[in-house]
Amino acid sequence: MNLNLINGIFNNLKENQFVQSFINELSNYLEGNLKNNMDLKNKEIPIIENLIAKSNLTTVNENSIRLKENDVILKYAENKFSNDSMYFVRDSKKTYWSNNEEHYNNEVYSVLKAENNKIEEIEISKKDMPRDIRVNDVFKIENGNYVIDNIATKELQEEIMNMVQEIIDKQNISLTEHRKEGHLYMVTEEIGNNRFLWDLTDAPEFEFEEVQLPKDLLEKATQGIVLKYINGGYEYYSSDGFERAERIHSSS
């Protein structure tokens, strides 16, 4: 048999094996991504809660994001749906208060209905909702049926993410202005993993809420503890914060 023919067959075999291997890897990758997306959809986590959980936010900015969500949804509905009603599935449950206790109705979806420049929260039984409509989806009513709007869903989710990112960017700028190399800061209050700090070096009239402290510092960073900002991060300095603050106030 011709040697060139043998080499050709061998090379074609190798190429076919490579292509088949590549196809298998690509198929596994796409299947994994699809599974992850489906898992996220099936978990039905509200987009706002998901974004907040992944971000280090001050208390004020976290509350601001929750409040602005409705504004973003209403503005999008006004621009894209005109005189039609737009529905956005906010949560997989209805939250309500009774006897000063928080309760949940897991049999319904909490849905925001945007119409005529107004937004209201309604509930729709899960039994009545089509299986392809879940939390964070936009839908409309056509001929008495709930119909998902995939384009609007994607666009509105992007609008919400942009709003959150804008708040995070402004927060980062503000925190950068407060973090000063070599300065000492006293912890004045603890809120979860956040700490309110007072600049002992400049002694301003206000405190600020810090959202990025090393995990190994959180247990030590209690009220009255002094931290030092050095090399772009905080470290423990001393435990005499109240005494230092008293001396500063006495001398002013």
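Summed over all non-identical Cα pairs, the Kirkwood treatment of segment 201-251 gives a radius of 12.1 Å.
Between amide H atoms placed 1.01 Å from N, distances below 5 Å from Tyr234 occur with no residue 5 or more places distant or on a separate chain. Counting only protein heavy atoms and a 1.4 Å probe, segment 92-214 has 60 square angstrom of accessible area per residue.
Using the average count of surrounding beta-carbon atoms within 10 Å as a protection proxy, the listed peptides 62-74, 92-104 rank, highest first, as 62-74, 92-104. For segment 143-232, which whole percent of the accessible surface, found with a 1.4 angstrom probe, sits on carbon and sulfur atoms? That fraction is 45 percent. The Rg/Rh ratio for segment 99-252, using Cα coordinates for both the radius of gyration and the Kirkwood hydrodynamic radius, is 1.21. Considering all different alpha carbon pairs of segment 159-234, the Kirkwood hydrodynamic radius works out to 13.1 Å.
Please go through the residue pairs Lys68/Lys94; Lys43/Lys127; Lys54/Lys220; Lys43/Lys118; Lys93/Lys154 and name each one whose alpha carbons sit more than 27 Å apart in this structure.
Result: Lys43/Lys118 exceed 27 Å.
The values are calculated or read from the model by the stated rules, or taken from the named source; none is laboratory data. On a predicted model such as this, the values are computed, not experimentally measured, just so you know. We place every Cβ from the backbone using ideal geometry, glycine too, and count neighbours over all the protein chains shown. We work out accessible area using only protein heavy atoms, side chains counted, and drop any ligands, DNA or RNA first. Shrake-Rupley method; radii C 1.70, N 1.55, O 1.52, S 1.80 Å.
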